[in-house]
Structures are given as structure tokens and as C-alpha cells.
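One structure below.
The values are calculated or read from the model by the stated rules, or taken from the named source; none is laboratory data. Small disclaimer: the values here were computed from a predicted structure and weren't measured. Reconstructed Cβ throughout: ideal geometry from the backbone, glycine too, with neighbour counts over all protein chains shown.
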């Protein structure tokens with residue numbers, strides 16, 4: 001499975017919102033601005049007043065992704081249909097950087113409803129495309145970040161190479177210590 005940076009922006013933003021924005025909004029505006037940096041106009045229009053709405057969206061998206069991780073596609077679909085009803089996508093074409101792009105949100109709307117529509121539509125396409133089993137959680141102790149497993153054989157266990165390296169280094173140190181203790 002390959003992710004397209006443009007077409008799958010909603011999916012990638014959904015994962016970033018869940019991983020970086022805490023339910024109590026303690027991730028702050030800076031964390032949210034980092035997530036929305038994929039769309040500079042969104043990041044530029046972001047204010048502290050948007051934070052509670054994005055925190056609520058992150059909670060909804062977390063529930064959907066947790067349903068998918070648990071193999072409960074029906075519950076995920078119910079949650080997504082609720083989001084899609086509340087934040088309907090109104091696709092429209094917009095010229096950007098000399099080419100036409102298809103946007104999946106109302107043209108004139110505030111940030112939270114816009115990104116709610118984008119993320120809900122992207123997760124709905126992800127589920128309908130048969131990719132639900134590709135949602136994973138990092139197995140590194142203390143991490144738990146969610147990710148989409150794009151590996152061919154679906155064996156990804158970590159959110160990043162940093163977490164993977166930490167786990168493998170710790171295991172190597174334990175093996176070394178065990179060998180030294182046996183001497």
C-alpha cells in the first residue's frame with residue numbers, strides 16, 4: 001500500500017491529530033499548527049479558539065481508529081457516518097500552484113468543520129478501500145502512537161525508526177548484560 005501525500009492528507013492529518021493533540025487540548029496551538037502545516041492557509045488562520053474543536057475531533061478520530069485496530073469495522077463505520085453527516089464533504093475544484101486540485105470540504109468554512117470533513121472522508125475511503133487492518137499502534141514501551149502499516153507484508157510494529165531503534169538497542173543491551181552475567 002502506498003500513501004499519496006496529496007490524496008491521503010486527510011488520513012495523515014487524522015493520525016497526527018490523534019497522536020499529537022490530547023483530549024484536554026494540552027497539546028496546544030503549537031502542536032496543532034505543526035499538524036496543519038501541510039496546508040499553510042490553515043496554519044495561518046489557526047487561533048487558540050480552534051483548539052477545543054480540534055481536540056474534540058481528535059477524540060472522535062481516536063475512537064474510529066481504535067475501532068479499526070480492534071477489527072470492529074461496523075462501529076467505525078457508524079462513527080464515520082455520524083461525522084460525515086455532521087460535516088458533509090462538498091467537493092470542489094481549486095487552482096493551486098498552476099494545477100487543479102479536488103478538495104473534499106466546503107469552500108468557505110472555518111477550520112474545524114473543514115478538517116472534520118476532510119478527515120472523515122479520508123477515513124471513510126480508507127475503510128471502504130479494505131485497509132482497516134493496516135491501522136497499528138507502536139509497540140515501543142510508553143509510545144502507543146497510531147500509524148498506517150504500508151509495508152507489503154503488514155508486519156510493521158513501530159511508529160518510527162526512532163522507536164524501533166530504541167527497542168532493538170535495549171534488547172541488544174539486555175542480551176549483552178545476560179552474557180556478561182553468565183561469565
**OP:** Could you please find all residues in the stretch 1-33 being in a loop (DSSP other than H, G, I, E, B) and either more than 11 Å from residue 55 (Cα to Cα) or at pLDDT 95 or above (or both)?
**Re:** 1, 2, 3, 4, 5, 6, 7, 8
**OP:** Count, please, the residues in the stretch 102-118 that happen to be under 19 Å from residue 49 (Cβ atoms) and surrounded by fewer than 12 Cβ atoms within 10 Å (Cβ to Cβ).
**Re:** 1
Subject >> Residue ID - surrounded by the fewest Cβ atoms within 10 Å (Cβ to Cβ), chosen from residues in the stretch 63-101 that are part of a helix (DSSP H, G or I) and touching a residue at least 60 places away in the same chain (Cβ under 8 Å) >> reply: 69
Subject >> Verdict on residue 51 being modelled with pLDDT of 95 or more and either out of contact with any helix residue (DSSP H, G or I) (no Cβ under 7 Å at 6 or more places or on another chain) or not in a strand (DSSP E or B) (or both) >> reply: no
**OP:** Kindly check whether there is at least one residue in the stretch 160-177 that is assigned to a loop (DSSP other than H, G, I, E, B), surrounded by 12 or more Cβ atoms within 10 Å (Cβ to Cβ), in contact with a helix residue (DSSP H, G or I) (Cβ under 8 Å, 6 or more places away or on another chain) and on the phi < 0 side of the Ramachandran plot.
**Re:** no
